[in-house]
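Student: I'd like to ask some things about the structure below.
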Amino acid sequence: MYDMILVRYGEMTLKKKNYKTFLNQINLNIKNKCAKFEKLKFFNTDYRFYIYLNGTDYNLVLKELDTVVGLSSYSLCKKVNVTSSETVINDIAKCAIEVINFSRPKNEFTFKVESHRGNKQFKLTSIEISQQVARLVLPNIEGMSVDVHNPELVLRIDLRNEGIYVYTNSIKGLGGYPSGIAGKGLVMMSGGIDSPVASFLAIKKGVLVDAIHFASPPYTSLMALQKVIDLLEQLSIYQTSQKIRLYVVPFTKIQTLIHEKANNIYMVTLMRRSMYKIAEKVCKNKDYQVIINGESIGQVASQTLESMNVVNEVTNMPIIRPLATFDKEEIISVAKKINTYDISIKPYEDCCTVFVPEHPVIKPKIDLIIEEEKKCDLDSYIEDAIANIETYEIRSDKKINVLDTNNDIFDI
């Protein structure tokens, strides 16, 4: 019955002079996501994007739209076939009866009509349109009555210059900015609950993300790496490219050296400083503008303000912490929404659990940290780790199993 989907743009509508750039990007992203459906036709204005279904199963198209960042909402709708200016209200009512009969929630239900008159050339006001259409529709649908305060079904009429559209429901989109519009960022991906959520929130703000993961075999297993890959496969569906590049850093020698040479209470701080030094080098070599991580203020010892400040001291790269003010329940809620939670809680530990002291320092002093760092002489180890990074290309449409020795996805 529905012949099209009406898409409304999201937060990008605030972007004044950059609006056209944002508009072109989000339209391209929608088309790329829906490219598999050959029968679809597209049309857009500055404020709406229209998808003509031409017989395509709308459930499949809606599933793709659910992964497109930058959309405010979308609705299954029917375009009114206007026969003449004199019969337009009757034409709307005829279309509305079809839509209501298809969407009715039960045998007896209440309804009201809401009209939005984007086309100001239309002679009637929005209220007058709603009243006249309701008057024509009501006698033609058995079991329906009017309730303007708390209706069970709302018939919506959108009158625009390009046409008149009738629908009943709006599906909330992901919001945010078009994927890829804000540049490139490198996510520090641990495999826990937080970093995938931070990745998603960065993607939602238009950042095209790749990831860096620190592996410490034999203390961490291949299954820990597999968990990271599984997370990135899930996250990649939200990217316009539908892929994420993963840099896997061999971190065992660095951790072992710190454990052997430095005071144990500084282990976590020194380890994270080394991670940031490596991440910064990768960013500069591969042209990433920011480092992104899943830190939340005060959540663990390494995430106190003092610890963050001491760790930040090793890099001039901008560091984005999307979860800085989130509590754990808020983070878990997003993780469940984007389907990363069940992957994150798999019992495979990452390198952050290796050699962790029982009582790590929570308010490190920079001069003491530098003294401990000098004991380790880490520079050559950091360069060696960078030289031996393995790179994977993670795609939403191609599953990777690191235990499969026939994989051809290593060292791209």
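Student: Carbon-plus-sulfur fraction of the accessible area of the range 223-301, 1.4 Å probe, in percent?
Tutor: Numbers: 1260 of 2550 Å².
Heavy-atom surface of the range 223-301 belonging to carbon and sulfur, 1.4 Å probe: 49 percent.
Student: Now, a different point. Quick one: work out Rg over Rh on the C-alpha atoms of the range 1-86, Rh as Kirkwood radius. Can you show the working numbers first?
Tutor: Values: Rg = 13.6 Å, Rh = 13.6 Å.
My calculation puts Rg/Rh at 1.00.
Student: Sticking with this one: Any of 17/78; 184/328; 79/336; 243/346 with alpha carbons more than 29 Å apart? Name them for me. Spell out each step's value before the answer.
Tutor: Numbers: 17/78 33 Å; 184/328 27 Å; 79/336 36 Å; 243/346 23 Å.
Cα-Cα > 29 Å for 17/78; 79/336; rest within.
Student: Could you give the longest part of the chain that holds none of the GluC sites (Glu not before Pro) found in DSSP loops with at most 16 neighbouring Cβ atoms within 10 Å?
Tutor: Values: sites that count: 38, 86, 108, 142, 152, 162, 313, 358.
Segment 163-312 is the longest.
Student: Which one of 275, 267, 144 has the biggest mean-square fluctuation once the chain is modelled by GNM with Cα springs under 10 Å?
Tutor: Residue with maximal mean-square fluctuation among 275, 267, 144: 144.
Student: Then there's this: Count the DSSP beta bridges whose two residues both fall in the chain, then state the antiparallel fraction as a percent rounded to the nearest 5.
Tutor: Working: 32 of 58 bridges.
Given both bridge residues lie in the chain, the antiparallel proportion sits at roughly 55 percent.
Student: Efficiency by 1/(1 + (r/R0)^6): what FRET value for residue 16 and residue 377, r their Cβ-Cβ distance, R0 = 51 Å, to the nearest 0.05? Kindly include the intermediate steps, with their values, before the conclusion.
Tutor: On the way: r = 52 Å, r/R0 = 1.02.
Calculated transfer efficiency: 0.45.
Student: As an exercise, find the ratio Rg/Rh for the chain from alpha-carbon atoms, using the Kirkwood inverse-distance average for Rh.
Tutor: Numbers: Rg = 26.9 Å, Rh = 24.3 Å.
For the chain, the value is 1.11.
Student: While we're looking at this one, here's another question. Whole-Hz ³J(HN,Hα) for each residue in the range 255-261, computed from phi via Karplus 6.51 cos²θ - 1.76 cosθ + 1.60 with θ = phi - 60°, x for glycine and proline: what do you get?
Tutor: 5, 4, 4, 4, 4, 7, 9
Student: Mean separation of Cα pairs under 8 Å and 6+ residues apart, divided by the residue count of the range 123-208: what relative contact order is that in percent? Mind dumping the intermediate values first?
Tutor: On the way: 60 pairs, mean separation 19.1, N = 86.
Relative CO of the range 123-208 lands at 22 percent.
Student: Want the number for residue 324 to residue 399: 0.36 nm per residue separation, take away the alpha-carbon distance, what's left?
Tutor: Values: separation 75, 0.36 × 75 = 27.00 nm, distance 3.17 nm.
Fully extending the segment from residue 324 to residue 399 adds 23.8 nm.
Student: With all protein chains present and a 1.4 Å probe, how do 348, 19, 392 order by accessible area, largest first? Write out the running numbers ahead of the final one.
Tutor: Working: 348 80, 19 30, 392 5 Å².
Ranking 348, 19, 392 by accessible area, largest first, yields 348, 19, 392.
Student: Another question about this same structure. With N set to the number of residues, divide the alpha-carbon radius of gyration of the range 87-185 by 2.2 N^0.38 Å and report two decimals.
Tutor: Values: Rg = 16.5 Å, N = 99, 2.2 N^0.38 = 12.6 Å.
With N residues counted in the range 87-185, Rg over 2.2 N^0.38 Å equals 1.31.
Student: Mind pulling the angle between the C-alpha long axis of helix 328-337 and the longest principal axis of the chain? Nearest 10 degrees, somewhere in 0 to 90.
Tutor: So the helix axis and the longest Cα principal axis differ by about 60 degrees.
Student: For every helix of n ≥ 4 consecutive DSSP H residues, a contribution of -39,500 (n - 2.57) applies; sum these over the chain, divide by its total residues, and give [θ] at 222 nm rounded to the nearest 500 deg cm²/dmol.
Tutor: Values: 13 runs with 148 residues, N = 412.
Dividing the helical sum by the residues of the chain leaves -11000 deg cm²/dmol.
Student: Could you report the range 87-206's accessible area per residue, 1.4 Å probe, as an integer in Å²? Mind dumping the intermediate values first?
Tutor: Numbers: 5460 Å² over 120 residues.
Each residue of the range 87-206 exposes 46 Å² on average to a 1.4 Å probe.
The values are calculated or read from the model by the stated rules, or taken from the named source; none is laboratory data. In this text, all values refer to a predicted model and were calculated from it rather than measured experimentally. Positions of Cβ are generated from backbone atoms using ideal geometry, with glycine treated the same way; all protein chains shown enter the neighbour counts. Protein only, heavy atoms only, side chains kept; ligands, DNA and RNA dropped before computing areas. Shrake-Rupley method; radii C 1.70, N 1.55, O 1.52, S 1.80 Å.
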